[in-house]
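Report on the structure given below.
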């Protein structure tokens, strides 16, 4: 606000400095107005009765010059009034701001209009002077000398008025610049005031928080003072309890017997050695043969399937070439071998149980699982022989070799190489060996159910694939009529 006040005072001083220039211009304008009126009257006298174009132009130019003179004088008077209003000092900042904003534009517009009018007046008076001189030189009678003197004086005065007005215009431009700067500062003032008020409000809020915190701190100090008394009392009780504990520990230490080296050694030996170690085998295989029987049962049943389809045809060629349904043809090739396999499984179980004393925990479960296993193995051998012929027999033998090491019949599976560990859950003999261990020596029923389901899946899957192979083989070719390899 102080800066704005100083700016307003400077603007008032500048307006006071410009005001004399405007008054001088008004004085010159008054003098020139008299001479212009004289010049106009003389021009009318010279051209009295003359209707030539040149006289018409002289009279029109003289009239325009007189009107410009009147407009110039009115504009200068308005400018003087505006400057007087700005130059009046006041202590009211709002009044100063309103006056600066309202008057700056008006002063600038009036000054510019006065300058243009002065320049037009100078041009027109010069034109009247030139035309009168030219007219007098061409006229048959000489013009009065006073006419030429008045014209010369008018031209000089109008030139002086134009120069004075240009000086006034420059001063007014400086004044207008100062007013614009002050107005800009005034426009920024509300924002600055708002910012200051916001900061004051923040400061007030912070002061309130500080006061509230001081009250809380005072309350906390009072509570701490009250609690310190309780702390002193508790510390005294703690010291008393510690002394009692130390006394009791000392009495207890005095009652502990002192042991010699031999006693300490014997005591450590007694405490470090267990009195008895008990082990329990949930599913014992009392004889070595009972542990290996599941593995060799699996090998025997798989080899039976391999040999069966070396001696038997997988399907009846006549039935294959006839109109019998494909499932009937496929099952017709598998059922004879399955019947022999079931009989062979019964013989194998009877020899090991009656002759060798296998004595399984579940005789029916063992025999049933052996029958399911041989049926599944025969279905796989039947499928491979039916689909690939002699090559299928070779594939059956390869599968036997892989299952000997991956079924886990001789060694725990985690001790075998990684490829066999990967094959272990994929091949059927794994589930037959695991299931027979449970039926012979005992184990978890959930594992036995899983083994039965997997072997059943192999059996059903192999038979379904065999039906599809039979359906495909009913399309005969020269290669099948004259096979390249015969056995």
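The numbers here are math on the coordinates, done by the rules we state, and not lab data. None of these values were measured; they are calculated from a predicted model. Cβ: placed from backbone, ideal geometry, glycine included. Neighbour counts: every protein chain shown.
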Task: P(r), alpha carbons of the range 288-477 - 5 Å bins starting at zero, rounded % - done: 1, 8, 16, 19, 19, 15, 10, 6, 3, 2, 0
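Arrange the following residues from fewest to most other Cβ atoms within 10 Å of their Cβ: 342, 221, 323. Please list the in-between numbers first.
On the way: 342 17, 221 10, 323 6.
Going from sparsest to densest Cβ surroundings: 323, 221, 342.
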Task: Sequence of 354, 256 once ranked by neighbouring C-beta atoms within 10 Å, starting from the fewest - done: 256, 354
Open item on the list: Taking the number of other C-beta atoms within 10 Å as the exposure measure, put 382, 424, 447 in order starting with the fewest.
Closed with: 447, 424, 382
Open item on the list: Report the per residue volume, in Å³, of the convex hull enclosing the C-alpha atoms of the range 227-353.
Closed with: 346 Å³
